[in-house]
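Asks: Here's a structure for you.
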Amino acid sequence: DAMVIQNPRYQVTQFGKPVTLSCSQTLNHNVMYWYQQKSSQAPKLLFHYYDKDFNNEADTPDNFQSRRPNTSFCFLDIRSPGLGDAAMYLCATSREEADPQHFGDGTRLSIL
Amino acid sequence: SQQGEEDPQALSIQEGENATMNCSYKTSINNLQWYRQNSGRGLVHLILIRSNEREKHSGRLRVTLDTSKKSSSLLITASRAADTASYFCATYNAGGTSYGKLTFGQGTILTVHP
């Protein structure tokens, strides 16, 4: 089945130690998104790619970066994680920006 | 800034009852979407209603949109225990000269008791 896959499901890292989360899709969608979701809150868009065009939200912290080396893969890099970055990170895709989004099951990031 | 506000924040009902969740938003939209999220999982798209549509159905789901009141409702009929989840409305605005984005409301936690 076509889907959005996030690895790993759970990630533990140390305060200040860089971490990379990955997302892959078999839907061949143009758009890939990264959201941060904290407990009992709405998903918050960090950035998205339309094909190779990168769009960063104004309030996304500077230590969050993303790479999309090809259509299928997208990575979220957190350069120096702080305790406040502990959250669920959700990857999503859509064919076009106005279309329904397909989400992966997320990576839950814990910071020690 | 938060676009969608959902009401109620939490809803507890018995199996077989109907569940209604409401969403209000502030700015103009191109479409409004509803998503479900089971605990610890990703969001699942349920239904999309365009700004020129007033009502849409999908199985046991009925969505209405009133653009004059900037509000939408999601009705789940004959609820089941498996409907227990968080439900989010999300508004899409094409953004004019910049890119469009989907903005999520805070969600309604629905609990359906067997």
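Table: residues versus (1) surrounded by fewer than 18 Cβ atoms within 10 Å (Cβ to Cβ); (2) at pLDDT 95 or above.
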| residue | (1), (2) |
| --- | --- |
| B:Glu17 | yes, yes |
| B:Cys23 | no, yes |
| B:Gly40 | yes, no |
| B:His45 | yes, yes |
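Asks: I would also like to ask the following. For the structure I just gave you, tell me whether A:Leu46 is of a type in the set (A, V, I, L, M), within 14 Å of chain B (Cβ to nearest Cβ) and either over 22 Å from B:Arg41 (Cα atoms) or open to solvent by less than 10 Å² (accessible area, probe 1.4 Å) (or both).
Replies: yes
Asks: Here is a follow-up. Considering region B:68-103 alone, what residues qualify as being within 14 Å of B:Asn30 (Cα to Cα) and either within 15 Å of the chain's Cα centre (by Cα) or open to solvent by less than 10 Å² (accessible area, probe 1.4 Å) (or both)?
Replies: Passing the criteria: B:Lys70, B:Ser71, B:Ser72, B:Cys89, B:Ala90, B:Thr91, B:Tyr92, B:Gly100, B:Leu102, B:Thr103.
Asks: Any chance you could count how many residues in region B:6-20 are under 17 Å from B:Gln106 (Cβ atoms), more than 10 Å from chain A (Cβ to nearest Cβ) and part of a loop (DSSP other than H, G, I, E, B)?
Replies: Summing the residues that are under 17 Å from B:Gln106 (Cβ atoms), more than 10 Å from chain A (Cβ to nearest Cβ) and part of a loop (DSSP other than H, G, I, E, B) in region B:6-20 gives 1.
Asks: Collect the residues in region A:58-112 that are more than 14 Å from chain B (Cβ to nearest Cβ) and β-branched (Val, Ile, Thr), keeping them in residue-number order.
Replies: A:Thr71, A:Ile78, A:Ile111
Asks: Can you give me the number of residues within region A:74-112 that are in a strand (DSSP E or B), open to solvent by 40 Å² or more (accessible area, probe 1.4 Å) and over 26 Å from B:Leu48 (Cβ atoms)?
Replies: Residues in region A:74-112 being in a strand (DSSP E or B), open to solvent by 40 Å² or more (accessible area, probe 1.4 Å) and over 26 Å from B:Leu48 (Cβ atoms): 3 in total.
Asks: Consider only pairs whose beta carbons are under 8 Å apart and that are at least six residues apart or on different chains; among these, list those whose first residue lies in region A:6-22 and is closer than 13 Å to A:Asn63 by Cα and whose second residue is open to solvent by less than 70 Å² (accessible area, probe 1.4 Å) and among the charged types (D, E, K, R).
Replies: Here the result reads A:Pro18/A:Asp77; A:Val19/A:Asp77; A:Thr20/A:Asp77, each pair linking region A:6-22 to a residue that is open to solvent by less than 70 Å² (accessible area, probe 1.4 Å) and among the charged types (D, E, K, R).
Asks: Hey, can you tell me all the residues within region A:19-36 that are among the hydrophobic types (A, V, I, L, M, F, W, C) and assigned to a loop (DSSP other than H, G, I, E, B)? So that I can check it myself, show each step before the final result.
Replies: Initial filter on region A:19-36 (among the hydrophobic types (A, V, I, L, M, F, W, C)): A:19, A:21, A:23, A:27, A:31-32, A:34.
Within region A:19-36, A:Leu27 is the sole residue that qualifies.
Asks: In region A:1-10, which residues are open to solvent by 50 Å² or more (accessible area, probe 1.4 Å) and part of a strand (DSSP E or B)?
Replies: The initial filter retains those residues of region A:1-10 that are open to solvent by 50 Å² or more (accessible area, probe 1.4 Å), namely A:1-3, A:5, A:7, A:9-10.
Correct list: A:Ile5, A:Asn7, A:Tyr10.
Asks: Of all residues being more than 15 Å from the chain's Cα centre (by Cα) and of a type outside the set (A, V, I, L, M) in region B:104-114, which is farthest from the other protein chains (Cβ to nearest Cβ)? Just the residue, please.
Replies: B:Pro114
Asks: Out of all the residues in region A:49-57, is one or more within 11 Å of another protein chain (Cβ to nearest Cβ), surrounded by fewer than 21 Cβ atoms within 10 Å (Cβ to Cβ) and of a type in the set (S, T, N, Q)?
Replies: Taking region A:49-57 first, the residues within 11 Å of another protein chain (Cβ to nearest Cβ) are A:49-50, A:53-57.
After this cut, where a residue has to be surrounded by fewer than 21 Cβ atoms within 10 Å (Cβ to Cβ) as well, the list is A:49-50, A:53-57.
Within this subset, residues satisfying the condition of being of a type in the set (S, T, N, Q) are A:55-56.
Scanning region A:49-57 turns up at least one residue that is within 11 Å of another protein chain (Cβ to nearest Cβ), surrounded by fewer than 21 Cβ atoms within 10 Å (Cβ to Cβ) and of a type in the set (S, T, N, Q).
Asks: Any idea which of (1) within 14 Å of chain A (Cβ to nearest Cβ); (2) assigned to a strand (DSSP E or B); (3) open to solvent by less than 50 Å² (accessible area, probe 1.4 Å); (4) over 16 Å from B:Asp7 (Cα atoms) is the one B:Lys56 doesn't satisfy?
Replies: (3)
Asks: Pairs under 7 Å by beta carbon, first residue more than 11 Å from chain A (Cβ to nearest Cβ) and part of a strand (DSSP E or B) in region B:21-47, partner open to solvent by less than 50 Å² (accessible area, probe 1.4 Å) and acidic (Asp, Glu), six or more apart or different chains?
Replies: B:Met21/B:Glu6; B:Asn22/B:Glu6; B:Cys23/B:Glu6
Asks: How many of the residues making up region A:52-77 are hydrophobic (A, V, I, L, M, F, W, C) and touching a Leu at 6+ places or on another chain (Cβ under 8 Å)?
Replies: Initially, region A:52-77 is screened for residues hydrophobic (A, V, I, L, M, F, W, C), giving A:54, A:58, A:64, A:73-76.
Now drop any that are not touching a Leu at 6+ places or on another chain (Cβ under 8 Å), which leaves A:64, A:75-76.
The qualifying residues number 3.
The values are calculated or read from the model by the stated rules, or taken from the named source; none is laboratory data. Remember, predicted model here, so these are calculated numbers, not experimental data. Neighbour counts run over all protein chains shown; Cβ positions are idealised from the backbone, glycine included. Side chains included, ligands, DNA and RNA excluded: accessible areas come from the protein's heavy atoms. Shrake-Rupley method; radii C 1.70, N 1.55, O 1.52, S 1.80 Å.
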